[in-house]
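The values are calculated or read from the model by the stated rules, or taken from the named source; none is laboratory data. The structure presented is a predicted model; accordingly, all values stated were derived computationally and were not measured. Note that each Cβ is placed from the backbone with ideal geometry, even for glycine, and that neighbours are counted across all protein chains shown. Calculation scope for accessible area: heavy atoms of the full protein, side chains included, ligands and nucleic acids excluded. Shrake-Rupley method; radii C 1.70, N 1.55, O 1.52, S 1.80 Å.
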Amino acid sequence: MSAKSIAVVNQKGGVGKTTTAVNVAAGLALAGRPTLLIDLDPQGNATTGLGVQKSGLYPTIYHVLLGAESLEKAVRGSELLDLRLVPSDIDLVRERLNPRLAVEGIVLTMFDGRTSLALQIRDEVHRYFPGEIFETVIPRNIRLTEAPSHGKPVMLHDLRSSGAIAYLDLTREVIRHE
Ligand SMILES: Nc1ncnc2c1ncn2[C@@H]1O[C@H](COP(=O)(O)OP(=O)(O)O)[C@@H](O)[C@H]1O
Ligand SMILES: [Mg+2]
């Protein structure tokens with residue numbers, strides 16, 4: 001099985017990118033896939049979200065990208081089987097384009113089906129990107145908001161929450177794409 005890199009992107013902040021990266025990584029690790037989560041955001045929320053203290057961290061992905069340290073040294077383990085983490089520092093490489101880049105899929109996050117706006121947006125996205133949208137929709141769920149302050153992916157915070165179930169479903173879809 002060859003390695004695959006997945007980036008979670010959106011130019012907008014606060015839309016659930018970090019939450020998706022952390023919880024899909026956790027889902028893959030729980031599925032027994034060796035998983036490396038690379039935190040390239042200077043805010044380091046994926047790092048703290050998995051219970052790693054940011055202050056005084058050395059080396060991080062910043063030092064690796066500068067060529068000062070090896071990637072191996074920057075990797076931290078996590079309590080989840082096979083989930084590893086490279087913490088951030090500074091934001092770099094954002095511009096490095098990969099010619100083999102392909103869209104894995106569009107995921108709707110923080111979805112609140114009780115509002116007609118959310119339903120309208122969902123329909124618009126389906127109209128503009130037919131066949132490119134993950135079936136799984138991530139609902140707005142308080143457990144997803146809480147989990148980072150416990151330094152845990154949502155599955156270890158509350159496995160039965162709608163957020164955990166949704167991210168496990170999304171992980172299953174990502175695996176199916178292989
Ligand atoms: N589906 C969701 N339900 C409830 N809260 C969420 C959900 N997704 C993200 N959050 C919370 O919203 C905030 C922004 O999410 P985050 O993943 O950090 O966004 P981004 O990385 O795109 O800036 C965080 O506090 C996060 O815990
Ligand atoms: Mg983020």
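At-a-glance table
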| quantity | calculated |
| --- | --- |
| Verdict on residue 65 being within 12 Å of ligand 2 (Cβ to nearest atom), surrounded by 12 or more Cβ atoms within 10 Å (Cβ to Cβ) and either over 16 Å from the mean Cα position of the chain (by Cα) or over 21 Å from residue 143 (Cβ atoms) (or both) | no |
| Residue list for segment 4-18, restricted to those being polar (S, T, N, Q) and under 15 Å from residue 108 (Cα atoms) | 10, 11, 18 |
| Among residues of segment 39-53, those that are open to solvent by 40 Å² or more (accessible area, probe 1.4 Å) and either among the polar types (S, T, N, Q) or away from ligand 1 (no atom under 14 Å from the Cβ) (or both), counted | 5 |
| Filter result (under 20 Å from residue 76 (Cα atoms) and open to solvent by less than 50 Å² (accessible area, probe 1.4 Å)) within segment 151-168 | 151, 153, 154, 155 |
| Checklist (1) open to solvent by 70 Å² or more (accessible area, probe 1.4 Å); (2) outside any strand (DSSP E or B); (3) away from ligand 2 (no atom under 12 Å from the Cβ) applied to residue 10, failing item | (3) |
| Criterion (within 16 Å of ligand 1 (Cβ to nearest atom) and either of a type in the set (A, V, I, L, M) or in a loop (DSSP other than H, G, I, E, B) (or both)) met by exactly one of 68, 26 | 26 |
| Lone unmet requirement of (1) more than 10 Å from ligand 2 (Cβ to nearest atom); (2) more than 20 Å from residue 157 (Cα to Cα); (3) assigned to a loop (DSSP other than H, G, I, E, B); (4) of a type outside the set (Gly, Ala, Ser) for residue 53 | (2) |
| The lone exception for residue 22 - which of (1) modelled with pLDDT under 95; (2) within 17 Å of residue 6 (Cβ to Cβ); (3) in contact with a strand residue (DSSP E or B) (Cβ under 8 Å, 6 or more places away or on another chain) it fails | (1) |
